[in-house]
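Report on the structure given below.
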Amino acid sequence: AQSVAQPEDQVNVAEGNPLTVKCTYSVSGNPYLFWYVQYPNRGLQFLLKYITGDNLVKGSYGFEAEFNKSQTSFHLKKPSALVSDSALYFCAVSRSYNTDKLIFGTGTRLQVFP
Amino acid sequence: DSGVTQTPKHLITATGQRVTLRCSPRSGDLSVYWYQQSLDQGLQFLIQYYNGEERAKGNILERFSAQQFPDLHSELNLSSLELGDSALYFCASSVTGLTYNEQFFGPGTRLTVL
């Protein structure tokens, strides 16, 4: 069965510092991986995805993520955090080409302090 | 703004009642997904429609049903409501319904069952 783990409920980082939000996945075969962000009282917004190709994927708002097949990880990163990055971040995975469903992690709350 | 609209924004009702949630996908998107977000279950996929046809089912209760109409809007019907059905219900849409296309989420409908 497909699954996603986000081991940290909350990540705290100072503004201007680099940030990492961790995600590991379990899926048979090649995964399709996504990061979404949810701001308070808003729907989820797509940040980036990995389908195939380069392991480093660049997305919206300066975020990037690195796909690591051997470690089954897809960590979200940003070189310099902003206070406005504070939000809830979800990692999601799918396996089937013709699917259906995204399996979401439990979410990680990112708090960026000024 | 993702281009996906959901109505109503908030819904308060009593146990045993029936409600209908409505979703209009982005212009040009053929696929609609419904998700439930609750504190204890996280973000869970319920059901997907593609161009009027059901494509996939997730953790959707038998008391819940959905449909997608010829104009591509979708409705999620929740009946015999229980306290545990209180949650945020998201609709998302994508162009083709294929996994590697990112999904665009609406702002959600917050359902409170009293």
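Readers should treat all values here as calculations from the given coordinates under stated rules, not as data from a laboratory. These figures come from a predicted structure and were not determined experimentally. Cβ placement follows ideal geometry from the backbone for every residue including glycine, while neighbour counts extend to all protein chains displayed.
The ellipsoid that matches the Cα gyration tensor of chain B has semi-axes, each √(5λ) in whole angstrom, of 23, 13, 13, with the longest given first.
If you take the Cα centroid of the range A:1-19 and the Cα centroid of the range B:57-114, the two points sit 27 Å apart. What the pair-distance distribution of the protein assembly as shown shows, using all Cα-Cα distances binned every 10 Å from zero, is 8, 33, 35, 19, 4, 0 percent. Each part gets one Cα centre, and for the range B:17-52 versus the range A:46-114 those centres are 22 Å apart. Net charge in the neighbourhood of A:G59 (other residues with Cβ under 14 Å of its Cβ; Lys, Arg +1, Asp, Glu -1) is -1.
Loop sites here are GluC sites (Glu not before Pro) outside DSSP states H, G, I, E and B with no more than 16 other Cβ atoms within 10 Å. The longest part of chain B free of them is B:1-61.
Take each residue in B:103-111, count the other chain C-beta atoms within 10 Å of its C-beta, and the mean is 3.
Straight-line cross-link reach from A:K49 at under 25 Å between alpha-carbon atoms covers these lysines, not counting any fewer than eight positions away in the same chain: A:K22, A:K58, A:K69, A:K77, A:K78, A:K101, B:K57.
Evaluated on the range A:3-113, the Kirkwood hydrodynamic radius is 14.0 Å, with distances taken between all distinct Cα atoms. Based on Cα contacts under 8 Å between residues 6+ apart, chain A shows a relative contact order of 38 percent.
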